[in-house]
Amino acid sequence: PIGAIMLIKEISWLGQDYREGIVSTVGALVGMIPEGLYLLTSLALLTSIVRLAQKKTLVHEMDCIETLARVDTLCVDKTGTVTENKMTVEDVVPLMPDRIDARAVEAIMADYVYAMQADNDTMIALKKYFTGQASHHAQRIYPFTSSKKFGAAVFSPEQTYVLGAPDVILGSLYGKYAEVIDAYSEKGCRVLLLAKYSGDVERMPLTGQIVPISLILLANKIRENAPETFRFFAEQGVDIKVISGDNALAVSQVALRAGISGAERYIDARTLDTDEKILNAACEYTVFGRVTPEQKKKLIRALRKKGRTVAMTGDGVNDVLALKEADCSIAMASGSDIAAQASHIVLLDSDFASMPSVVMEGRRVINNIERSASLYLTKNIFSIVLAVITLFFTLPYPLEPAQLSLISVLTIGIPSFVLALEPNKSLVRGHFMQNVLYRSLPAAFTNLFMVIGVLLFYLAFDIPKDEMSTICAVIMGIVGMLMLFTTSMPFNTIRRILFISMGALFIILALIMPDFFSLVPLTFRTGLILAVFALMSIPSYIGIYRLISMTGNAFKALKRKFNAARRA
């Protein structure tokens with residue numbers, strides 16, 4: 001719509017011929033469109049995907065790179081993340097040694113593991129440890145599920161054995177064995193209870209007669225690089241939440257040994273029987289034990305309701321609901337195919353220690369795109385506002401497409417691609433568009449005021465239109481270099497070379513190829529006007545930059561006060 005009205009203005013209202021009218025209109029429209037920004041963003045994200053692939057990380061969706069860079073809460077499972085996937089049986093502790101000794105327990109477990117499939121790490125470890133010959137064959141089996149927290153095998157009407165979480169199986173009887181079980185849990189062991197059961201194992205909770213037989217102690221070795229990885233996230237201000245189906249106390253002890261801050265704050269998720277309790281506990285506790293798949297999903301949702309940006313790592317089918325709920329989901333390739341397919345990112349080497357490099361890559365891309373995007377929006381904001389002003393006051397549009405091409409290539413195009421591919425490990429702060437606007441407004445308004453000033457001189461002193469257009473193009477080039485200067489700070493070798501080379505190239509091209517870029521020689525009078533506005537542009541840019549910074553800081557302070565008052 002602006003283009004159509006501008007074309008009418010240039011030809012009908014200002015009396016220009018069709019060629020001049022079309023060229024002026026195209027010049028305005030070219031300035032309004034951030035033609036390279038989409039390409040820049042796509043290439044920057046694509047480069048990140050290639051870099052991550054070289055680090056054995058598969059990205060399913062490009063936009064998850066930005067999300068991961070902004071994550072402030074990371075939810076992890078104990079097994080496979082804090083500890084190694086490989087689980088080992090450490091000991092067998094008979095609870096009735098006078099009636100059923102360790103050898104008898106091993107015979108029962110040999111029958112039990114023979115009946116079960118090795119479909120999880122726990123069962124693989126049990127099968128490896130209890131290698132005796134099976135003497136009884138199960139009539140029915142009930143594999144372990146995350147919702148029930150135990151599995152069962154029926155060998156005869158009088159012989160049903162259950163194996164799983166002691167607190168779930170024992171129910172009200174747990175207090176009788178709590179001291180011995182908690183003692184092992186405090187050492188970080190995963191404690192399983194083998195018990196004989198008389199009743200229907202399909203009914204929950206178990207209400208039949210329970211005869212505890214033995215505790216089976218399993219352990220996962222803490223990953224060698226886990227403490228260093230969690231230390232990195234703590235330094236970056238990322239909260240860690242450990243969500244596990246294991247005993248909360250045991251998980252807490254493992255998390256403490258892995259160096260997770262706040263791991264002493266743990267809770268049994270079975271006490272979180274309402275959505276309100278889950279919402280309140282989400283930010284209060286660090287370790288959640290005995291969590292069901294549905295509760296994992298609700299915990300992620302609760303954290304997001306609290307304003308957190310949440311990443312979730314998982315490797316099993318039970319994690320899929322939570323992975324889908326998270327802002328960014330990360331799966332281990334060694335886990336289930338369903339979890340890998342449902343996730344945004346897959347760690348192909350299943351090594352959680354590669355997460356810091358993934359986060360750093362996300363930060364590099366987002367910070368660099370944010371910085372480069374401000375270069376594009378400077379020209380776009382200026383062009384749109386100037387086009388509207390020239391429409392209202394029936395003024396000629398002062399710039400031609402060839403002039404804008406010179407400015408765009410040297411102060412936007414080439415610098416934006418160089419800056420977008422630089423290393424950058426800074427924290428991602430604030431909102432993307434807000435940050436970009438704060439960066440781009442000073443140069444946009446400086447361009448606007450300087451060009452309007454030149455237009456007023458053009459009207460007052462009857463300057464030739466082509467000389468006026470040349471003055472505006474040079475002024476925009478100077479302001480563009482000022483914008484590139486502030487965008488490149490703090491300077492390093494690459495940015496210093498970039499700034500100097502772009503400035504030198506602008507002068508060289510303007511001098512040796514003026515006709516190609518629609519630049520004309522200036523008289524002494526118009527040269528003097530250029531010199532005045534060029535000198536004015538520097539303090540104007542600095543003043544507007546400081547004014548916008550002060551306004552932005554005041555607005556942020558007011559917003560913080562408003563949010564604090566609302567919370568109070």
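The values are calculated or read from the model by the stated rules, or taken from the named source; none is laboratory data. Remember, predicted model here, so these are calculated numbers, not experimental data. Keep in mind that these areas ignore ligands, DNA and RNA; they rest on the heavy atoms of the full protein, side chains included. Shrake-Rupley method; radii C 1.70, N 1.55, O 1.52, S 1.80 Å.
Quick notes on this structure:
- Counting only Cα atoms, the size of the stretch 60-157 along its three principal axes is 59, 27, 22 Å, in decreasing order.
- Solvent-accessible area of the chain (1.4 angstrom probe, protein heavy atoms only): carbon and sulfur portion equals 60 percent.
- Taking a straight line from the alpha carbon of LYS55, these lysines sit under 26 Å away, with near neighbours fewer than eight places off in the same chain left out: LYS78, LYS86, LYS221, LYS241, LYS324, LYS425.
- Radius, Kirkwood style, for the stretch 237-307 when every pair of distinct Cα atoms is counted (Å): 11.9 Å
- Principal-axis tilt of helix 432-461 within the chain, Cα atoms, nearest 10 degrees: 10 degrees
- q = 0.21 Å⁻¹, the stretch 1-88: log10 I(q)/I(0) [Debye, one scatterer per Cα]: -1.02
- The distance linking the stretch 16-57 with the stretch 349-389 is 13 Å (Cα centroid to Cα centroid, whole angstrom).
- For LYS561, solvent-accessible area (1.4 Å; no DNA, RNA or ligand), Å²: 150 Å²
- Tensor-based shape of the stretch 353-417 (alpha-carbon gyration tensor, a/c under 1.5 rounded, otherwise prolate or oblate): oblate
- 0 to 90° range, to nearest 10: angle between helix 493-512 axis and the chain longest Cα axis: 30 degrees
- Long-range Cα-Cα pairs in the chain (distance over 42 Å), rounded percent: 43 percent
- For the chain, the solvent-accessible area of protein heavy atoms averages 47 Å² per residue (probe radius 1.4 Å; ligands and nucleic acids excluded).
- Inter-part distance, the stretch 301-345 to the stretch 214-292, computed on C-alpha centroids, equals 16 Å.
- For a straight C-alpha distance cut-off of 17 angstrom, the lysines reachable from LYS9 (same-chain residues fewer than eight places away being disregarded) are LYS465.
- ASP101 contributes an accessible area of around 80 Å² to the protein surface, as traced by a 1.4 Å probe with all chains present.
- Ranked order, THR446, THR145, THR207 - accessible area, probe 1.4 Å, largest first: THR207, THR145, THR446
- Between 0 and 90°, nearest 10: helix 226-235 axis offset from the chain longest Cα axis: 40 degrees
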